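Okay, structure first, notes after.
The values are calculated or read from the model by the stated rules, or taken from the named source; none is laboratory data. It should be emphasised that the depicted structure is a prediction, and the values quoted were computed from it without experimental measurement. Please note: Cβ atoms are built from the backbone with ideal geometry, for glycine as well, and neighbour counts cover all protein chains shown. The area values use the complete protein model at the heavy-atom level, side chains included, leaving out ligands, DNA and RNA. Shrake-Rupley method; radii C 1.70, N 1.55, O 1.52, S 1.80 Å.
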Amino acid sequence: MMFALGLWLLAAASELLLYKVLPGRKARVAWAGVTAGLLIASSIWLTAYHWQIWLGASLIATYKVLSLARAAMGRLPRRELQRISVRAYAWLLLAQLVFIGFGWLAEHERSVAIYAFDVLVALQVLAALILVRVTVNTWRHTRPGPLETSMTDKELPAVSVLIPARNETDALQRCLETLVASDYPKLEIVVLDDCSANRRTPEIIRGFAHDGVRFIQGAEPDEANWLAKNQAYARLSEESSGDVLVFCGVDVEFAPHTIRRLVELLHRRDKDMVSVMPLRAQKVWAEGSLLQPMRYFWEICLPRRFFKRPPVLSTLWAIRAEALRRDGGFEAVARSVTPEAHFARKAVASDRYSFIRSNLDFGLYSTKPASEQYETTVRTRYPQLHRRLELVAVTTVLELVFLIGPFVGLLLLWALPHQIILGVIWLCTIVALEFTYYKVAVKTKLNNPAFAWMLFPVAVLTDLVMLHVSLYKYEFDTVDWKGRNICIPVMRVEPHLPELPPVESHK
């Protein structure tokens, strides 16, 4: 036991020293490999000897191994790699010590362990009730409200709908067909062909020229400074002439009155920006979806005021052109995976932002297929946690404890004391959790009711899997966005490097 504990402490010291020194690549790879070996061997040994104390710490050790692998690969600039590695080390070590402490208490202080277990169960039901309260409030506040016409055609501002398209076919065709059928009197539709590999995309766009759709030919992105979609957004905003800019993907469909409803809502609420959560376009709820409901779940059900981040979706968002310029334009978010989140945070600070959900009267629908839902989840899930490995570990623990824990507890109820009390508490917790998921998955037509009640724990586990897939691809592989890798390490300014002397010109 003492020898294994010594190995564990040696691995912890070696890991920290590695992050502080970060030698050359060969030495770094060898050092990280030896440290990971020590960490894995000692964790397995300690868990086998006393799993009640060491199991949680050993699970956290998985993320420490990932951190060592990230340091060994060295895909980031040295200073940034040191900073994020030391930060992850501190948080993960603290998490391990917390698990060890609780394990020791459970083993040696049974009364304290029982009390801690009761507190955990109480926190589970409290968390579920908080989610219900937040979901109900958010659901009520995100209603579009009255949809009667309040502005004459003359009073309506000019609107530009801006769509970047790359290698799109049928979805783009349907999107433009619904847009050109709009009854909005001052509508400009601009579509940028972002260097599509197929010929059909520009042909589809040009095919709507007689309906007033403007075609813009995009250029290859400056990958050192821009993400391709953000560069396309910037070009589209420069080419637009509207007072209100509506950004959307090709996987949406509009009712004829949708744009008018959107602009009138922007005016009636006196906002600078509005983001819309669409309904699913399919008329029959014949299948169960997992990825898109969880994406909506995190936007609707979390207490976002606590996180100082308003709910926002990239599906469709509208912003006043003046507000976009005032908040720095797309140059301010050139490499952000979710640029709309930046503008939402700026607008919500002065109460100039609204997040709304579409209904049948509003008439905005999503047509995103399952394959693109997967790509969107991979692209956005890890950046939502600021690409911090330790936050992935914390999120995983919280989801397992508070979203999956009540289901597991109910299954293992037969082996626990106070079965009736625990059973009632966990049953109430599960009903509350299912209610929040039902609100999101069924009311937006993503699942039919029967699927929604069964799929919540599966959807949470799928979300955790996708979170780790997103982490892996950003840290160790590539993340494709319409055929382009968006996680290539880019050149960064090192502020502490000495300045070069000016070069004298010779005539």
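Per-structure values
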| item | result |
| --- | --- |
| The one condition in (1) open to solvent by 50 Å² or more (accessible area, probe 1.4 Å); (2) closer than 17 Å to Trp91 by Cα that Ala12 fails to fulfil | (1) |
| Residue match in region 40-62 (condition: open to solvent by less than 20 Å² (accessible area, probe 1.4 Å), within 19 Å of Glu475 (Cα to Cα) and assigned to a helix (DSSP H, G or I)) | yes |
| Unique residue being touching a residue at least 12 places away in the same chain (Cβ under 8 Å) and under 17 Å from Arg388 (Cα atoms) when the list is Leu76, Leu123, Leu129 | Leu76 |
| Test result for Pro164, surrounded by fewer than 21 Cβ atoms within 10 Å (Cβ to Cβ) and under 18 Å from Trp317 (Cβ atoms) | no |
| Among residues of region 348-389, those that are over 16 Å from Leu227 (Cβ atoms), open to solvent by less than 10 Å² (accessible area, probe 1.4 Å) and part of a helix (DSSP H, G or I), counted | 1 |
| Selected residue (only one of Ala459, Ala441, Ala452 is crowded, with 16+ Cβ neighbours inside 10 Å and either touching a Ser or Thr at 6+ places or on another chain (Cβ under 7 Å) or at pLDDT 90 or above (or both)) | Ala459 |
| Selected residue [over 32 Å from the mean Cα position of the chain (by Cα) and surrounded by 13 or more Cβ atoms within 10 Å (Cβ to Cβ)] from Pro157, Pro144 | Pro157 |
| When residues of region 421-438 are limited to those that are over 25 Å from Arg143 (Cα atoms) and hydrophobic (A, V, I, L, M, F, W, C), the one surrounded by the most Cβ atoms within 10 Å (Cβ to Cβ) | Trp426 |
| Cβ-Cβ under 9 Å pairs, at least 6 apart or on other chains, region 290-314 side of a type in the set (Lys, Arg) and at pLDDT 90 or above, far side open to solvent by less than 30 Å² (accessible area, probe 1.4 Å) and not in a helix (DSSP H, G or I) | Arg295/Leu313 |
| Residue that is nearest to Arg260 (Cα to Cα) [pool: residues in region 201-213 that are touching a Leu at 6+ places or on another chain (Cβ under 9 Å) and surrounded by 13 or more Cβ atoms within 10 Å (Cβ to Cβ)] | Val213 |
| Given (1) at pLDDT below 95; (2) closer than 16 Å to Ser275 by Cβ; (3) hydrophobic (A, V, I, L, M, F, W, C), index of the condition Leu324 fails | (1) |
| Counted residues, region 193-213 - those being in a loop (DSSP other than H, G, I, E, B) and closer than 16 Å to Glu168 by Cα | 7 |
| Any hit, region 205-215, residues being without any contact (Cβ under 8 Å) to a residue 60 or more places away in the chain, more than 23 Å from Ala341 (Cβ to Cβ) and in contact with a Pro (Cβ under 9 Å, 6 or more places away or on another chain) | yes |
| Criterion violated by Ile114 - all others in (1) open to solvent by less than 60 Å² (accessible area, probe 1.4 Å); (2) modelled with pLDDT under 95 satisfied | (1) |
| Region 34-49: number of residues that are in contact (Cβ under 8 Å) with a residue 12 or more places away in the chain and out of contact with any Leu (no Cβ under 8 Å at 6 or more places or on another chain) | 5 |
| Hey, Arg70 touching a residue at least 24 places away in the same chain (Cβ under 8 Å) and either of a type in the set (Asp, Glu) or in contact with an Asp or Glu (Cβ under 7 Å, 6 or more places away or on another chain) (or both) or not | yes |
| Any hit, region 398-416, residues being of a type in the set (Gly, Ala, Ser), open to solvent by 40 Å² or more (accessible area, probe 1.4 Å) and assigned to a helix (DSSP H, G or I) | yes |
| Residue match in region 190-200 (condition: farther than 20 Å from Trp481 by Cα and open to solvent by less than 60 Å² (accessible area, probe 1.4 Å)) | yes |
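Results for (1) more than 22 Å from Gln231 (Cα to Cα); (2) at pLDDT below 95, shown as yes or no for each residue.
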| residue | (1), (2) |
| --- | --- |
| Val159 | no, no |
| Leu162 | no, no |
| Glu168 | no, yes |
| Ala181 | yes, no |
| Glu188 | no, no |
| Asp194 | no, yes |
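For (1) assigned to a helix (DSSP H, G or I); (2) open to solvent by less than 70 Å² (accessible area, probe 1.4 Å); (3) on the phi > 0 side of the Ramachandran plot, each residue gets a yes or a no:
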{"site": "Leu76", "(1), (2), (3)": "no, yes, no"}
{"site": "Tyr89", "(1), (2), (3)": "yes, yes, no"}
{"site": "Leu93", "(1), (2), (3)": "yes, yes, no"}
{"site": "Gly101", "(1), (2), (3)": "yes, yes, no"}
{"site": "Trp104", "(1), (2), (3)": "yes, no, no"}
